[in-house]
Amino acid sequence: MTLLAEIREGLRIALTAIRANKLRSCLTTLGVIIGILTVTLMGTAIEGLNRSFMQSISSIGADVLYAQRQDWIIRSHEEWLTMRKRRPVTVSQAESILRQVEFAKAISPIAQRGGKIQYQDRDTLSPAIVGTTDQYAISAGVSLNAGRFITSSESEGGRPVCVLGATVATNLFKSESAIGARVKIAGRNFDVVGVLEPVGGLFGEGGVDSQIVIPLNQFLTLLDNNPDVSLQVKVASGEGLEEAREELRAIMRKVRQVKPSDPDDFSINQQDQIVSAFRQVAGTIAAVGLFITGLSLFVGGIGIMNIMFVSVAERTKEIGIRKAIGAKHRTILIQFLIEAAAICVLGGLIGLALAWPITLIMAKVMPSTLSPTIVCLALVVAALTGIISGFLPAWRAARMNPVDALRSE
Amino acid sequence: MSLIRLEKITRRYQMGGETIHALREVSLTIARGEYVAIMGPSGSGKSTLMNLIGCLDTPTSGSYHLNGADVSDMDDNELAEVRNREIGFVFQTFNLLARSNALHNVELPLIYAGIDTDERRRVALEAIESVGLTDRMHHKPNELSGGQRQRVAVARALVNKPSILLADEPTGNLDSRTGEEIMALFEQLSRSGNTIIVVTHEEDIARHARRILRIRDGLIASDEVQGRS
Ligand SMILES: Nc1ncnc2c1ncn2[C@@H]1O[C@H](COP(=O)(O)OP(=O)(O)O)[C@@H](O)[C@H]1O
Ligand SMILES: [Mg+2]
């Protein structure tokens, strides 16, 4: 096959030319090296961010609905103002909703506020003392590292017990066992009955890991007797999430006595919302980031174009010779395109070699690896850069008149 | 049927405001197996004629049939194919690829012809052997003497078994002894049936040819066949 032979010959020529002009080739590839390096790192960082987010978000179950006063994602100041005006969800409303929901695998009311927890002479601040019921273990999908969760009779208001998030437990007890210890919350003694498994990630750190879970009734008597309650509803498997959402909404409207003509005065939140909001932001960041790093690649491409024009001019005679013995338009075009692509792929390989140790360092802060996809993509982009920026010079070479080309010195 | 048939070939160059008539309505036929020398003063149009015959250039007007095919209305790619298949060029300045060794230089026309690797190697080695350079085939042009370079060029010109061997002042850059060696090679090629056209301005060299074409100011001044020497 002629074309294959021509491509092989083109590669041969390219490698000879690059070897013959080592220094020049290196300087030329510098732009491409930097371009590929930055694009690769950007791509890896974006991929790492996405992965880290997705890992974190999975701690909020995809099948869990949160019925509460405010939306998780507030897009404007006006929106924020209207939500501020909404009535809180009261405990009695929560209880009424709880009784009516039928599609839930578990449903738990959650009241929250920050507070201090003390153990002997040590204390630590928790952003979230959570008053809830035994159902929380299922609806929040928490698992226990040690001990047990609060029981249903305890959540009805029995003896004062608490379950600690992983971070709280380590802060307070270091390496000691927390189970059975007596701690002080809001001036009252609680027995630690369980410690939660650490969740980690963005949402674990700020969420379950730093929570102190106590029975709702204890919360009401000790901390706040009229809190703004959220309901965490884990939808039973087999129930459609959308239908469940609609049903929950109808119940909420009824319980809160919203007039049919009025809009909802509450929100039903779910993981999806965060994901799509994240996607939006991440997409913008990715686009802007790749555009900026792409610019450096573009500059690299211009450098390649420049050097290819020089290369073509220098080798006019060679082009004449090749044409005289039967090289076609196409042959010459391919030859120079391959040369440009080879220089760029070389730059791409060097760029990747430099990017690799940097991604290893990045891996310490986010789950980022130089994935095969990114490696392949980087090389394809490098080759394309070469082909695009080499096209004009190659075209000029291919169109040369053989007699004139042979005449040049 | 003649191998080459030129009819009223004119080639003009536009230089600034000036028109240069390099060839004026030249008509000429050359048969297969002929050995022709083209002579004439510098600037008379010899190279222009060679380039046209070799399909490197196209005439301003007139028609050219090579091997029965009308070359005057072929496009660039078809001309490239004709050059590859039908024409073998030998230049005054050798025109070898400086970065490639002798063997690869000789292989090149075969690569463009799409011959596969094994066959290519075999044919190229044969051509190199026929010019007596087997022991130098891995040398680059700058490691070879002028005569050796021109032998490589001859091997390259012949490797595709072309219909015509065109040589534009092939001995112009060689000393007279080496020049004689190259001409002896041509003589031998002619005897084995090749069609050869040589441009020269040395009578000594032209004597090797059977037919001498003299050009002056873009016109054929004389065309004579000599007796066997
Ligand atoms: N590319 C060109 N542009 C302009 N004039 C040319 C070109 N090539 C040849 N000529 C002119 O055409 C005439 C014939 O040139 P050429 O065929 O090279 O002569 P020779 O080979 O016999 O010395 C000369 O006057 C030369 O200056
Ligand atoms: Mg000349």
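The values are calculated or read from the model by the stated rules, or taken from the named source; none is laboratory data. Since this is a predicted model, take the numbers as computed values, not measurements. Please note: Cβ atoms are built from the backbone with ideal geometry, for glycine as well, and neighbour counts cover all protein chains shown. Heads up: the accessible areas ignore ligands, DNA and RNA and are worked out on the full protein's heavy atoms, side chains in. Shrake-Rupley method; radii C 1.70, N 1.55, O 1.52, S 1.80 Å.
Taking all protein chains together, A:CYS376, B:CYS55 sort by accessible area into A:CYS376, B:CYS55, largest first [probe 1.4 Å].
Going down the list B:LYS8/B:LYS161; A:LYS328/B:LYS46; A:LYS105/A:LYS184, which pairs span over 31 Å between their C-alpha atoms?
A:LYS105/A:LYS184
Label-to-label distance for A:GLN273 and A:GLN55 is 2.7 nm, based on points extended 7 Å past Cα in the beta-carbon direction. Computed over chain B with a Gaussian network model linking Cα atoms closer than 10 Å, the most mobile of B:PRO162, B:PRO109, B:PRO41 is B:PRO41. For the protein assembly as shown, the Cβ-based charge dipole about the Cα centre amounts to some 660 debye (Lys, Arg positive; Asp, Glu negative; other atoms uncharged). The label-point distance for A:GLU78 and A:ASP191, in a model that sets each label 7 Å from Cα toward Cβ, rounds to 5.6 nm. Mean residue ellipticity at 222 nm, helices only, the protein assembly as shown: -16000 deg cm²/dmol; runs of at least 4 DSSP H residues each add -39,500 (n - 2.57), and the sum is divided by the number of residues. The mean number of Cβ atoms from other chains found within 10 Å of a Cβ in peptide A:325-334 is 6, as a whole number.
With a 10 Å cut-off around each Cβ of B:94-100, the average count of Cβ atoms from other chains is 5. Which of these, A:ILE302, A:ILE74, A:ILE285, has the largest mean-square fluctuation under a Gaussian network model of chain A (Cα springs below 10 Å)? Looking only at A:ILE302, A:ILE74, A:ILE285, the largest GNM fluctuation is found for A:ILE74. Per-residue Karplus couplings for the stretch A:132-147, computed as 6.51 cos²θ - 1.76 cosθ + 1.60 with θ equal to phi - 60°, are listed in order as 7, 10, 4, 4, 4, 4, 7, 5, 8, x, 7, 10, 9, 8, 8, x Hz, Gly and Pro entered as x.
A protection proxy built from the mean count of other Cβ atoms within 10 Å ranks the segments B:32-38, B:183-189, most packed first, as B:32-38, B:183-189. For peptide B:110-119, the mean count of partner chain Cβ atoms within 10 Å of a residue's Cβ comes to 4.
State which stretch of chain A is the longest one without any exposed trypsin sites (Lys or Arg not before Pro), exposure meaning a DSSP loop state and at most 15 other Cβ atoms within 10 Å. Kindly include the intermediate steps, with their values, before the conclusion.
Details: sites that count: A:ARG75, A:ARG148, A:LYS174, A:LYS364, A:ARG399.
The longest uninterrupted stretch comes out as A:175-363.
Taking the Cα centre of the stretch A:64-269 as origin and charging only Cβ (+1 Lys, Arg; -1 Asp, Glu), how large is the dipole, in debye to the nearest 20?
On the way: 24 positive and 25 negative charges, 105 e Å.
Dipole about the Cα centre, nearest 20: 500 debye.
Rolling a 1.4 Å probe across all protein chains gives A:ASP224 an accessible area of roughly 40 Å².
Using packing as a proxy for protection, rank B:139-146, A:377-384 so that the peptide with the highest average count of other Cβ atoms within 10 Å comes first.
Working: B:139-146: 14.6, A:377-384: 18.9.
So the order, starting with the most tightly packed, is A:377-384, B:139-146.
Here's the picture: charge each Lys and Arg Cβ at +1 and each Asp and Glu Cβ at -1 in the protein assembly as shown, and of A:ALA45, A:LEU337, B:THR29 the one pushed furthest to the positive end of that dipole is A:ALA45.
At R0 = 22 Å, how high is the FRET efficiency between A:LEU392 and A:ARG24 if r is their beta carbon distance? Nearest 0.05 is fine. Calculated value: 0.70.
Note on chain A: with a GNM built from Cα contacts shorter than 10 Å, the maximum mean-square fluctuation among A:TYR66, A:TYR119, A:TYR136 falls on A:TYR119.
Measure nothing but the geometry: give the 0 to 90° angle between the long axis through the Cα atoms of B:102-113 and the longest principal axis through the Cα atoms of chain B, rounded to 10°. Roughly 60 degrees between the two axes.
Seen against the Cα atoms of chain B and their longest principal axis, helix B:117-130 is set at about 80 degrees. Angle between the Cα long axis of helix A:22-57 and the longest principal axis of chain A, 0 to 90 degrees, nearest 10? Once rounded, one gets 20 degrees.
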